[in-house]
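Accompanying notes for the structure given below.
The values are calculated or read from the model by the stated rules, or taken from the named source; none is laboratory data. Please read these numbers as outputs of a predicted model, since none were measured by experiment. Glycine gets a Cβ as well: all are built from the backbone with ideal geometry, and neighbour counts include every protein chain shown.
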Amino acid sequence: MSQAPNENPSCPGKRDKHEARRDFLKQSSALMALALTPPLVVKAGEHDETIAGLFEKMPVSLEVNGKAYQLSVEPRVTLLDLLREQLNLTGTKKGCDHGQCGACTVHVNGQRINSCLTLAVMQEGKKITTIEGLAQGDTLHPVQEAFIKHDGFQCGYCTPGQIMSAVACIREGHAGSPEEIREFMSGNICRCGAYDNIVAAITAVKQGGHTV
Amino acid sequence: MKKQAVGQSMDRVDGRLKVTGTARYFADHQPEGMLYAALVCSPVSSGRITAIDAAKALRAPGVADVVSHLNAPPVPGYKADNPNPKQGLKIFYDDRIYSNGQPVAIVVANTLERAVHAASLVKVTYAQEVHKTDMDENMGQAFQHKNMKDYLRGEADAWKKAPVHLEAEYNIPIEVHNPMELAGIIAHWETPDQLTVYAKTQGVKSVQQTLKTLFQLPESQITVHSRFVGGAFGMGLRIWPMEVATILAAKKIRKPVKLVITRKDMFTLVGYRPAARQRIGIGATTDGKLTGITHEAVANTSPYEDFTEAIVNMSRMMYACPNVNTRYQLVPLNLSTPVWMRGPGEATGAFALESAIDELAHQLKMDPLQLRILNHADTDPEKHLPYSSKYLKEAYEMGAAKIGWQQRSQTPGQLQENGWLVGYGMSSGVFSAGRGRATASATLKADGTLVIRSAAADIGPGTATAMVQIAADATGIDAKKIEFLLGESAYPEAPRQGGSSTVSTVGSAVNDVCRSLQQKLGEMASAGIPAFKGVKAENIQHEDGQLVAGNTRLDYAALLQLQQLPELTVTTTSQAGDERKHYAMYSFSVHFTKVHVHPATGVVRIKHIVSVADSGTVVNTKTARSQMIGGVVGGIGMALTEEALIDHRYGRYVNNNYADYHVPVNADTPPTDVLFINKKDPVINPMGAKGMGEIALIGFAAAVSNAVFNATGKRVRDLPITPDKLI
């Protein structure tokens, strides 16, 4: 995976990582000062806690589904919560928040990851694709079509993650046989138990020779 | 005439929404000004709260409030006199702690991260008391619930006198529904007495009724939205205390509040399949005729509520047996209240009965399939009624042929493939085929489209798709022009989605409202359209969305246009008649498995599954198959991996996450063949469809344990069948 360049000549206004880090250090110092203030002072200035909220944020620039975002987020915000709660991209689902179920699978620079296991501020300069960005306008992605045709779901909650994982599984070259698909799709739990149909959908896309 | 829609493998009507991420589940909504909640839960399992120090949390950035029993608005319904002391956990009512993980406070802040962090700052102190969470140590506390009387047919414990008999104990641990979607709610008091919630529920009307009782508001002032539900398997059959906690917080703060609980809290806040200890005594003549079955079960419940289910019922009616007695008892433990989990008690009971049948067959040196056929009940031995339909023998035959049952060795441990022991197993399942009461409205529009509404739910089986197919056949209108809307409390009454009854109950209402619509259109044509003048409404035929009388044909849409009506709505309520007095109605399933067991490691791999459903008419062969394979996957978990483990020193779950509580993943599931009898039940409802959701799982675990016995000669009576039990 190639690193994002520190300076982006085509986008001179864009802040580089070092600059962002300097800002973070400055903010951290402010927080440190706040933390070292005697308790009585803090108590007297309870409202300062609200102000502290402003210091707790970091800038981050990233691209989601082809759209560029310049954001200011708390470092503790996961990519999943950023997508869902701040960017209103609720197609990506939270199933465990611990990287154990795959419901939150998205693509970062083309690779599938659990978005609950990565922080939003780590995505500087990254290109993120969520389930909302998979179709081309009204034309569904072949994997989306196949999931409908083969009924690769019941409740549909794990489906965005399954589909993002399935697309990556095919691109990775891990869809060579039903057994291989089952292995490489085992990071995505489907409690409704649509596994047989998910395998059928992925097999159909792979054998159909579609470009995914 | 158009091709029938019922019976087709139509794609789901909401498939596109589900594959594009645009299906909106409760947590995907974001009312203006919404705040986020996080729970503070008790680390002790019994005792009292002595103090809550929320000062630090309240000072944290963005925190709106910390709500607990110390400052929660009152729940009027909690104060109402209730003669039953076990009316459930009254959240934030007093200082009592009944179980580990019980919510003691809810923290609300303007971001999720702030709420979660602030919850960690709330300091709660407790006066701890001795807790009881170990089922085996508390069997002496078992009591009989007043609604669960002993059952006796013929002579009690007759199995003891049989020439061939056995007695065995079968244990099931706590299993947790663990749907993919985390539970929670968005609560919004639009005015001080107007409540709107986005819920994760199997019944919007049921939630509305509970909130009506709790908050003593008229129904018209409570709105429940729940269009998409990310799985539930029973946990959405009732409202849970943390949902009430969120509603209370929203009331106090006067802003919409969203709570999404953690996976860990899914083990303690939203029910589970109770642990059960079962004892079966079974006896037969030397040629295999059953003479007696005794089935006794003890399951756990919570300290504040008695949860009962039908664990021992299958033993009363599955086989023709003259002497049967059953007993069912509860043990209260310091755990939250269980709730029906797919298959529910019948799945627990079927594991015991269908294992015992296999053990008896082994003692008799008989093929367990032959033993089942020999003791097939031709009429219901419990109700003494004929079956509305029963094709169980055909199901046995179809399944046996598909799995290759003739390859099974009667003597265990005889077959091997690539160094693995090979075994074949089978079991049966049965579940009552119900039909409740539901209302649907049908709105025909002048453009020829039809919209049907009912407050039904879809937790995954594809409710709307099936309803569209039923409506397409009832009206002759093309399925593409029909929309079925559900999951809104404002819609006409429908029951909860549970007990395998949605197609039967809501489908009947859809069928009947379509007939009412046609009748109304006929009357309009007869009265107001010159071409139909003199033709009585009842003599007007309906074909392909048209009114027909002789050579005269008129589109429904054209009729509305001629009458200058933009739309026409009719509403119909539908329920069963007295069929149940005359017939026993059940769905049946048969499960066959072929397993591999590794002789050195004890690893069990299921290689092939065949499940056969006798569930009447299959409305949609695609979604029905998905429902069956889904039940099977749940059954694989029940058989091989699922077990919620408690450290009894603390009364706390130790594997309360997806990494340690193993639900089956894709690689755990083999190719599965689903076969349908697909014969219409002539009695149950207009479609002839019995239920399917429960039978998909009922009995499955026994089909695995029986196959493991066939492979190894080792009988595992404690689920799950983990490798340590085989080496």
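Each row is one residue, and each column tells you yes or no for (1) aliphatic (A, V, I, L, M); (2) closer than 14 Å to B:Ala187 by Cα.
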{"site": "B:Val19", "(1), (2)": "yes, no"}
{"site": "B:Ala23", "(1), (2)": "yes, no"}
{"site": "B:Gly33", "(1), (2)": "no, yes"}
{"site": "B:Ser42", "(1), (2)": "no, no"}
{"site": "B:Gly47", "(1), (2)": "no, no"}
{"site": "B:Ala51", "(1), (2)": "yes, no"}
{"site": "B:Ala54", "(1), (2)": "yes, no"}
> Out of all the residues in the stretch B:58-67, is one or more within 32 Å of the chain's Cα centre (by Cα) and among the acidic types (Asp, Glu)?
Replying inline: no
>> Looking at A:Ala175 and the list (1) in contact with a Cys (Cβ under 6 Å, 6 or more places away or on another chain); (2) under 26 Å from B:Thr641 (Cα atoms); (3) more than 9 Å from chain B (Cβ to nearest Cβ), which single condition is not satisfied?
In response: (2)
>> Residues that are touching a residue at least 12 places away in the same chain (Cβ under 8 Å) and out of contact with any helix residue (DSSP H, G or I) (no Cβ under 8 Å at 6 or more places or on another chain), at least 2 per element: which strands (runs of 3 or more DSSP E) completely within the stretch B:143-256 meet that?
In response: B:164-172
> What is the residue count in the stretch B:128-162 for residues that are within 32 Å of the chain's Cα centre (by Cα) and aromatic (Phe, Trp, Tyr)?
Replying inline: 2
> Can you name the residue in the stretch A:61-91 that is over 14 Å from the mean Cα position of the chain (by Cα) and hydrophobic (A, V, I, L, M, F, W, C) and, of all such residues, is farthest from B:Met34 (Cα to Cα)?
Replying inline: A:Ala68
> helices (runs of 4 or more DSSP H) wholly in the stretch B:1-100 with at least 1 residues that are buried (at least 21 other Cβ atoms within 10 Å of the Cβ) - which ones?
Replying inline: B:15-19, B:55-59
>> Condition first: free of Cβ contacts under 8 Å to residues at least 40 places away in the same chain and either part of a loop (DSSP other than H, G, I, E, B) or not charged (D, E, K, R) (or both). Now tell me which residues in the stretch B:373-412 satisfy that.
In response: B:Ile373, B:His384, B:Ala401, B:Gln406, B:Gln407, B:Thr411
>> Between B:Ala158, B:Ala142, B:Ala183, which is within 14 Å of chain A (Cβ to nearest Cβ), at pLDDT 95 or above and more than 21 Å from B:Tyr650 (Cα to Cα)?
In response: B:Ala183
> Could we say that B:Pro664 is of a type outside the set (A, V, I, L, M), within 12 Å of chain A (Cβ to nearest Cβ) and closer than 18 Å to B:Ile721 by Cα here?
Replying inline: yes
> Can you tell me which residues in the stretch B:375-418 are over 27 Å from B:Lys581 (Cβ atoms), among the hydrophobic types (A, V, I, L, M, F, W, C) and surrounded by 15 or more Cβ atoms within 10 Å (Cβ to Cβ)?
Replying inline: B:Met398, B:Ala400, B:Ile403, B:Trp405, B:Leu415
> Can you find even one residue in the stretch B:645-657 that is among the basic types (Lys, Arg), modelled with pLDDT of 95 or more, within 21 Å of B:Pro173 (Cα to Cα) and assigned to a loop (DSSP other than H, G, I, E, B)?
Replying inline: yes
> Going through the stretch B:563-592 one residue at a time, which ones are surrounded by fewer than 17 Cβ atoms within 10 Å (Cβ to Cβ) and of a type in the set (A, V, I, L, M)?
Replying inline: B:Leu565
> In this structure, is B:Ala472 within 30 Å of the chain's Cα centre (by Cα) and buried (at least 24 other Cβ atoms within 10 Å of the Cβ)?
Replying inline: yes
>> Checking the structure you have, find out if any residue of the stretch B:113-127 is touching a residue at least 24 places away in the same chain (Cβ under 8 Å), surrounded by 18 or more Cβ atoms within 10 Å (Cβ to Cβ) and under 26 Å from the mean Cα position of the chain (by Cα).
In response: no
> Restricting attention to the stretch A:203-211, does a residue exist that is within 13 Å of chain B (Cβ to nearest Cβ) and in contact with a Phe, Trp or Tyr (Cβ under 7 Å, 6 or more places away or on another chain)?
Replying inline: no
> Is at least one residue of the stretch A:144-158 in contact (Cβ under 8 Å) with a residue 12 or more places away in the chain, hydroxyl-bearing (Ser, Thr, Tyr) and assigned by TED's automatic domain parsing to the domain that holds A:Pro75?
Replying inline: no
> Of these, B:Val612, B:Val619, which one is more than 29 Å from B:Ile357 (Cα to Cα) and among the β-branched types (Val, Ile, Thr)?
Replying inline: B:Val619
>> Filter the stretch B:435-465 down to the residues that are small (Gly, Ala, Ser) and either surrounded by fewer than 21 Cβ atoms within 10 Å (Cβ to Cβ) or not in a loop (DSSP other than H, G, I, E, B) (or both) and list them by number.
In response: B:Gly436, B:Ala438, B:Ala440, B:Ser441, B:Ala442, B:Ala446, B:Gly448, B:Ala464
> Which one is farthest from the other protein chains (Cβ to nearest Cβ) among residues in the stretch A:179-196 that are surrounded by 24 or more Cβ atoms within 10 Å (Cβ to Cβ) and assigned to a helix (DSSP H, G or I)?
Replying inline: A:Ile181
> When the residues of the stretch B:362-372 are filtered to those that are among the aliphatic types (A, V, I, L, M) and in contact (Cβ under 8 Å) with a residue 60 or more places away in the chain, which remaining residue is nearest to B:Met426 (Cα to Cα)?
Replying inline: B:Leu371
> Could you list, in sequence order, the residues of the stretch A:116-161 that are more than 13 Å from chain B (Cβ to nearest Cβ) and assigned to a helix (DSSP H, G or I)?
Replying inline: A:Met122, A:Gln123
>> Can you find, within the stretch B:8-28, the residue that is nearest to the other protein chains (Cβ to nearest Cβ) among those that are closer than 22 Å to A:Gly137 by Cα and of a type in the set (Gly, Ala, Ser)?
In response: B:Gly21
> Is the stretch B:665-684 home to any residue that is touching a strand residue (DSSP E or B) at 6+ places or on another chain (Cβ under 8 Å), part of a helix (DSSP H, G or I), more than 28 Å from B:Gly15 (Cβ to Cβ) and in the same structural domain as B:Val612 (by TED's automatic domain parsing)?
Replying inline: no
